[in-house]
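The values are calculated or read from the model by the stated rules, or taken from the named source; none is laboratory data. For clarity, every value in this text was computed on a predicted model and none was experimentally measured. FYI the Cβ positions are ideal-geometry reconstructions off the backbone, even for glycines, and counts take in every protein chain you see.
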């Protein structure tokens with residue numbers, strides 16, 4: 001019996017060694033074909049712009065094409081589900097953000113992915129500085145005037161969001177609660193479409209990353225009201241911060257990161273992590289981030305995992321403040 005047990009233990013060790021050897025061999029040859037990055041927001045949005053720049057820079061560094069695939073909609077669930085179901089071989093990576101990893105578990109029942117078990121964190125990417133803006137036709141020039149108008153006409157204003165449970169929708173719910181008004185949420189698939197809808201006066205309000213609004217600000221078709229950063233943005237120094245404008249105290253912060261399907265070999269994750277840390281530390285890329293009003297926060301794999309845990313706890317507080325009930329996700 002002892003010999004049988006010994007043989008079983010030897011076989012198990014041999015199997016483990018074989019798997020480890022295969023993983024090491026795979027990581028040494030990685031990558032040997034194109035890599036796809038799933039981006040859970042529409043083309044033209046700030047995250048899409050930044051990730052396309054990332055792909056352009058990573059391709060020559062990795063020696064293979066890096067292809068961006070937009071999978072927008074459903075508060076990031078569509079993109080997250082596609083990533084979770086992809087082969088864990090390092091050839092499918094995905095953006096993750098505050099909704100997919102932190103908010104959705106408190107907002108939806110029957111999520112088609114598990115944020116803790118289905119992903120292998122790689123690194124943080126950036127925090128978003130958001131701009132609260134109004135369409136040119138809306139007769140307000142400040143947050144104070146907007147609040148007065150919303151109080152006078154509590155159900156006539158509308159606000160572009162990324163759908164039920166999205167960060168912009170939760171911010172709107174918080175505003176409605178704070179001001180005791182009923183501004184109506186209108187869902188879109190990304191910040192770019194929201195900015196264009198505001199420029200065309202199809203909707204009146206929105207709060208998204210500043211980069212989404214740069215084009216329509218240049219054409220003077222939307223009006224900036226306030227920015228979410230702790231200090232004024234260098235891109236628009238005359239625009240007050242949320243706190244200066246009287247809407248401080250919101251507990252959330254928009255962020256984006258990079259992950260892979262769970263089970264992706266650690267050496268592959270570390271290779272991508274190293275390249276991302278190098279890229280985000282280069283002056284020309286820092287300048288690109290600043291031009292799109294985002295702040296890089298690349299990290300080690302373990303640091304990003306710790307960040308995700310902390311952000312999940314903050315998200316639970318945010319959901320309670322917004323008084324957002326859980327709903328069943330239906331595909």
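For residue 225, indicate whether it is in contact (Cβ under 8 Å) with a residue 40 or more places away in the chain and either crowded, with 20+ Cβ neighbours inside 10 Å or part of a helix (DSSP H, G or I) (or both). Against the criterion (in contact (Cβ under 8 Å) with a residue 40 or more places away in the chain and either crowded, with 20+ Cβ neighbours inside 10 Å or part of a helix (DSSP H, G or I) (or both)), residue 225 qualifies.
In the set 319, 286, which member is within 29 Å of residue 132 (Cβ to Cβ), in contact (Cβ under 8 Å) with a residue 24 or more places away in the chain, assigned by TED's automatic domain parsing to the domain that holds residue 49 and not in a loop (DSSP other than H, G, I, E, B)? After ruling out the rest, the residue left standing is 319.
Screening residue 232 against (1) more than 17 Å from the chain's Cα centre (by Cα); (2) in contact (Cβ under 8 Å) with a residue 24 or more places away in the chain leaves a single unmet condition, (2). Filtered by the rule that a residue be in a helix (DSSP H, G or I) and either under 24 Å from residue 148 (Cβ atoms) or in contact with a strand residue (DSSP E or B) (Cβ under 8 Å, 6 or more places away or on another chain) (or both), the range 194-211 gives 194, 195, 197, 198, 199, 210, 211. Within the range 310-331, the set of residues being surrounded by 12 or more Cβ atoms within 10 Å (Cβ to Cβ) and either closer than 19 Å to residue 257 by Cβ or modelled with pLDDT of 85 or more (or both) comprises 311, 312, 314, 315, 316, 318. Against the test of being out of contact with any strand residue (DSSP E or B) (no Cβ under 7 Å at 6 or more places or on another chain) and crowded, with 20+ Cβ neighbours inside 10 Å, the options 237, 251, 265 yield a single qualifying residue, 265. Reported count of residues in the range 80-102, each being in a helix (DSSP H, G or I) and either surrounded by fewer than 24 Cβ atoms within 10 Å (Cβ to Cβ) or on the phi > 0 side of the Ramachandran plot (or both), is 3. Considering the conditions (1) more than 19 Å from residue 98 (Cα to Cα); (2) at pLDDT below 95; (3) in contact with a strand residue (DSSP E or B) (Cβ under 8 Å, 6 or more places away or on another chain), residue 223 is excluded by exactly one of them, (2).
For the range 238-283, a residue qualifies if it is closer than 19 Å to residue 56 by Cα and part of a loop (DSSP other than H, G, I, E, B), and the qualifying residues are 281, 282.
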